[in-house]
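I have placed the structure first, in the form of C-alpha cells, so that the comments after it can refer back to it.
Values in this text are rule-based calculations from the coordinates and carry no lab data. Here the structure is a predicted model, which means the values were calculated and not measured. Here the Cβ is made from the backbone with ideal geometry for all residues, glycine too, and neighbour counts use every protein chain on show.
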Amino acid sequence: MTPENGNRNGNGIVIIGTGQGGFQLAACLRQEGYQGSITMIGDEPGLPYQRPPLSKAYLKEGRLEAIQLRPDSFYERNAIRLMTPERAIRLDRQGKTVETLTGGLIGYDHLVLATGARNTIPPIAGLGAANVFSLRTSSDADRLRDGLGVKRQIVVIGGGFIGLEFAAVAASGGHDVTVVEAGSRLMARAVSPAISEHFRAFHEALGTRIVLGTGAAGVTIGSEATAVGVTLADGTDLPCDMILLAAGVRPNVELAVAAGLAVNNGIVVDSTLLTEDPCISALGDCTAFPDPVRGDLIRLESVQAASDQARIIAKRLTDKPSSHDAVPWFWSDQGDWKLQIAGLGTGADEDIAIEQAAARKLVFRFKMGQLLAVETINCPGEHMAARQLLRRSQPVTRAMLEEWQFDLGGLAKALKELTG
Ligand SMILES: Cc1cc2nc3c(=O)[nH]c(=O)nc-3n(C[C@H](O)[C@H](O)[C@H](O)COP(=O)(O)OP(=O)(O)OC[C@H]3O[C@@H](n4cnc5c(N)ncnc54)[C@H](O)[C@@H]3O)c2cc1C
C-alpha cells in the first residue's frame with residue numbers, strides 16, 4: 001500500500017459527502033478488504049439515501065426507510081464512522097486535515113470529495129417566496145409533498161429530467177401543470193430530438209402544458225407574499241400557486257477551489273479519479289473526468305457514474321488498479337415511461353429512430369457511422385444489449401446494425417459467439 005493510499009498515520013480515508021457516491025465508496029472499500037478507518041462527513045441529517053425516488057415514488061409515499069441505502073447496522077458492522085449532520089468547511093492539504101463547521105479537525109491519509117451538486121437558482125426576483133420549491137434532498141421532497149396536499153396550479157421552471165419526472169407525478173395526481181423550458185426542446189442536453197418529441201407528446205397526453213423556447217423572466221408576488229404567477233420572456237403570464245424550480249445543478253466545488261485544486265465545471269481528476277494532489281480523489285456529480293472515448297473533461301450527473309467511480313477509487317486505494325472506462329448509462333422514469341440511455345450521444349451527427357408496438361421506442365445515435373448511444377423507451381432488454389455492444393473495444397457501425405435490422409439483442413449475441 002502506497003503512502004497516498006492507506007493508513008500512513010492511522011487517519012485512514014475521509015469522505016466528504018454522504019450521498020450516492022460517498023456511500024458506495026465506503027461500502028466498496030470494505031468489500032475490497034480495506035481495513036483502515038473510514039469516516040464520512042455529510043451535511044444532510046441521517047443515513048445516506050437514494051435521490052432518484054425523490055422525484056418519483058418518494059414524492060407519493062414519503063417513506064424514508066424505503067430509500068435509505070443501508071440501515072444503521074451496516075455502518076456499525078463495517079466500522080464506518082458517519083458524521084451527520086456535519087459540514088466540512090476547509091481543507092488543509094499540507095496538514096492533511098478537514099475542518100468542520102462545529103470546530104472539529106479530522107485528519108486523513110486519503111481524502112475523497114463526494115460533495116455532489118446543488119440546484120441552480122436563476123437570477124429572477126421572487127424565487128425566494130414560500131411556495132417556490134426545489135428538489136434535491138429528502139427534506140425538499142417532504143416540503144413538496146406537503147404542498148401537493150391540495151389541488152395546485154403549478155409552473156415547473158425547467159424541462160429537464162427532474163422537472164418532467166415531477167410533472168408526471170403532479171399531473172397524474174390531478175394538479176394543473178405547466179412546464180416552461182427556455183430551450184427549443186425537452187431534455188435537450190441529454191437526449192436526441194426524437195426522444196424530446198416523444199416525451200413532449202407523452203406529457204401533453206397526461207394533461208401537462210409544455211411551453212418551449214421562452215424562459216421564465218419574472219415571478220409575480222401576491223398580497224400574502226407568495227408567488228401568484230410566472231412571467232415568461234415573451235411576455236406571457238402564467239398564473240400559479242406553486243412553482244418548482246428545476247433549472248439544472250452546479251457542482252459543489254468550493255472546498256476544492258479554496259484548497260487550490262484544479263476545477264473546470266467540476267473538480268478535475270484523471271482517469272483513476274485522482275486530483276492533482278496524490279492524497280485527494282473526487283467522484284460523482286462534483287467531478288470532471290476525462291471521457292474515455294474522446295478524452296475531453298466531462299461531468300455526469302447519474303447514480304451509475306457516481307457508483308462506478310466509487311468502485312474505481314476503492315480498487316485504487318486497495319492497490320488494485322482500475323480506470324474509468326465503463327459505458328455510461330442513465331434512466332428516467334416519467335409516468336409509466338422508462339427512458340434508458342446507454343452511451344453518450346454528445347456529438348452525434350445522425351439519429352435513427354425506430355418505433356415498435358405500443359410505447360416501445362428506440363433511437364440509435366451515430367457519429368461518422370459509429371454507434372455512440374442508444375436511447376430506449378420501455379425496452380429494458382434492448383438497453384442491456386446496447387450496453388453490451390458499447391462495451392466492446394471494436395466499434396459497432398450503422399452497417400452492422402442495418403444488417404441485423406437493428407436487432408440489438410441478436411447482434412450482441414452473434415458478436416459474443418464470434419469472439420467467444
Ligand atoms: C430528484 C432527483 C432525481 C434523480 N433521478 C435520477 C435518476 O433517475 N437516475 C440517475 O442516474 N440519477 C438521478 N439523479 C441524480 C443522482 O441522484 C446523482 O447523480 C447522484 O446522487 C450523485 O451522487 P453524489 O454522491 O455525487 O452526490 P449526492 O448524492 O448529491 O451527494 C453529495 C452529498 O454531499 C453533501 N455535501 C456537499 N458539500 C458538503 C460539505 N462541504 N460537507 C459535508 N457534506 C457536503 C451534500 O449535501 C450531499 O448530501 C437524481 C437526482 C435528483 C436530485
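Can you classify the chain as rounded, prolate or oblate using the Cα gyration tensor, where a ≥ b ≥ c are the square roots of its eigenvalues, rounded means a/c under 1.5, and otherwise it's prolate if a/b beats b/c and oblate if not? Before the final figure, lay out the partial values.
Values: a/c = 1.91, a/b = 1.13, b/c = 1.69.
Verdict is oblate for the chain.
Under 5 Å from the amide H of ALA217 lie the amide H atoms of THR231, LEU232, ALA233, each residue being 5 or more positions distant or on a separate chain, with H modelled from the backbone and absent for Pro and chain starts.
The count of lysine pairs in the chain that are at least 8 places apart or cross chains, and whose C-alpha atoms lie under 28 Å apart, stands at 19. Our summary gives region 336-419 a relative contact order of 25 percent, counting only alpha carbon pairs under 8 angstrom and 6 or more residues apart. When only Cα pairs below 8 angstrom with a gap of at least 6 residues are kept, region 132-247 shows a relative contact order of 33 percent.
In terms of other Cβ atoms within 10 Å, CYS279, CYS28, CYS286, CYS240 run from fewest to most in the order CYS279, CYS28, CYS240, CYS286.
Taking each residue as 0.36 nm, the span from THR102 to ARG360 lengthens on full extension beyond its C-alpha to C-alpha distance by 87.6 nm. Using θ = phi - 60° in the Karplus curve 6.51 cos²θ - 1.76 cosθ + 1.60, the 3J(HN,Hα) couplings for region 148-157 round to 8, x, 10, 5, 10, 10, 10, 10, 9, 8 Hz; x is entered for Gly and Pro. Dipole size of the chain about its Cα centre, with +1 on Lys/Arg Cβ and -1 on Asp/Glu Cβ: approximately 640 debye, rounded to the nearest 20. Among SER139, SER196, SER55, the order by Cβ neighbours within 10 angstrom, fewest to most, reads SER139, SER196, SER55.
Compute the Cα gyration tensor for region 268-364, then decide on rounded, prolate or oblate, letting a ≥ b ≥ c be the square roots of its eigenvalues: rounded whenever a/c is under 1.5, prolate when a/b is larger than b/c in the other cases, and oblate in all that remain. Please report the intermediate quantities before stating the final value.
Numbers: a/c = 2.91, a/b = 2.12, b/c = 1.37.
Cα axes put region 268-364 in the prolate bin.
From its DSSP helices (H runs of at least four residues, each -39,500 (n - 2.57)), the chain gives a residue-normalised ellipticity at 222 nm of -7500 deg cm²/dmol. The phi-based Karplus calculation (6.51 cos²θ - 1.76 cosθ + 1.60; θ = phi - 60°) puts the 3J(HN,Hα) values of region 49-65 at 9, 7, 7, x, x, 4, 9, 10, 4, 4, 5, 8, 8, x, 9, 4, 4 Hz, whole numbers, x for Gly and Pro. Taking amide H atoms as placed 1.01 Å from N in the peptide plane, the amide H of VAL263 lies under 5 Å from those of VAL268, each 5 or more residues away in sequence or on another chain.
Can you tell me the relative contact order of the chain? Whole percent, Cα pairs under 8 Å, sequence separation 6 or more. Could the numbers behind the result be given before it?
Details: 917 pairs, mean separation 60.2, N = 420.
RCO, the chain: 14 percent.
In region 179-290, if the dipole is taken from +1 on Lys/Arg beta carbons and -1 on Asp/Glu beta carbons about the Cα centre, which of ALA194, SER184, PRO290 is farthest to the positive end? Value: ALA194. Amide H contacts under 5 Å for VAL177: ILE154, ARG209, restricted to partners 5 or more places along the chain or on a different chain, H placed in the peptide plane at 1.01 Å from N.
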